[in-house]
Amino acid sequence: MGHWLARNIVEPGKLPLLLALAAFVLTFLVTRVITRLIRAGRGPFRNIRPGGMHVHHVVPGVVLMVVGGFGAVAEGRHGFGASVAAVLFGMGAGLVLDEFALVLHMDDVYWTEQGRKSVEIVVLTAALVGLVLCGFAPFGVNELTPDELQNRTIVVTNTLANFLLALFALAKGKPRLALIGAVVPLVAIVAAVRLARPGSPWARRFYRRRPRARRRARLRAYRHDARWSAVRRRIHDLVAGAPDR
């Protein structure tokens, strides 16, 4: 394990990226726990309201991202300073993206249906950074053996193909399957070959003169939503908290 870490993470300068990802995920999880405790009125945590104004955690998140980002540029990819800057940037990104929906809508939608977009963006970001760590950008390692070079080429090729399938799924109006499919190849394939959802860019472009395909797409979307909407809502409530009714 130590050899793999040194060869694939430390040597190509990916240690700051690993630390940033760990800080990002941990900060998001801790933030969600704290906000849910505040909402329930439990524990010692309270909203920050200097002068009666609610300061959202996106504000310290932006500060941490700025400090960590400029620090990372100044330090490069190696050294203790780079690691500290990466942790600060990861923490800031976790705080900012946890309130992504607030920034998108310019409104306090944290505990609404629109606020669930924040969780999806966090998962997508973590998945993409994980792909980079696992070999999506496997450069910077010196003196690769032929076997290592072949393995890395296979990883890059598979990742690019999988990402392309995920884009097809996204165009067909299936963002959640595209998100999962960016990491799990079979999911991306299934989402890419099945009918597009009504109103998606793919349906508007290719089903415009195909009434039969439009009817099939509407029927399939109705059946899918009737079967899985309750399950999806329970998962969202477990991770992000139930929205205000």
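The values are calculated or read from the model by the stated rules, or taken from the named source; none is laboratory data. A quick note: this is a predicted structure, and the numbers were derived from the prediction, not measured. Don't worry about glycine lacking a Cβ; one is built from the backbone with ideal geometry, like all the others, and counts go over all protein chains shown. Surface areas here come from the heavy atoms of the whole protein model, side chains and all, with no ligands, DNA or RNA. Shrake-Rupley method; radii C 1.70, N 1.55, O 1.52, S 1.80 Å.
Below is a table of values for the structure above.
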{"item": "Cβ-derived FRET efficiency at R0 25 Å, residue 10 paired with residue 158, nearest 0.05", "result": "0.55"}
{"item": "Residue among 24, 71, 229 farthest towards the positive dipole end of the chain, charges placed on Cβ", "result": "229"}
{"item": "Highest to lowest packing among 16-24, 217-225, scored as the average C-beta count within 10 Å", "result": "16-24, 217-225"}
{"item": "Simple Cβ-charge dipole of the chain, Lys/Arg +1 and Asp/Glu -1, about Cα centre, in debye nearest 20", "result": "2240"}
{"item": "Accessible area of the chain belonging to carbon and sulfur atoms, whole % at 1.4 Å probe", "result": "68"}
{"item": "Helix runs (DSSP H) in the chain reaching 24 Å along axis by Cα, Kyte-Doolittle at least 0.5", "result": "15-40, 58-75, 80-98, 146-171"}
{"item": "The stretch 180-245, accessible area per residue, ligands and nucleic acids excluded (1.4 Å, Å²)", "result": "75"}
{"item": "Extreme residue, positive dipole direction of the stretch 36-118, given options 94, 110, 45 (C-beta unit charges)", "result": "45"}
{"item": "Pairwise Cα inverse-distance average, inverted: Kirkwood Rh of the chain (Å)", "result": "20.6"}
{"item": "Cubic angstrom per residue, convex hull over Cα atoms of the stretch 1-105", "result": "137"}
{"item": "Full-stretch length increase - residue 112, residue 208 - with 0.36 nm per residue and alpha-carbon distance subtracted", "result": "31.2 nm"}
{"item": "Rough spin-label spacing in nm, given labels placed 7 Å along Cα→Cβ, for residue 73 and residue 48", "result": "2.4"}
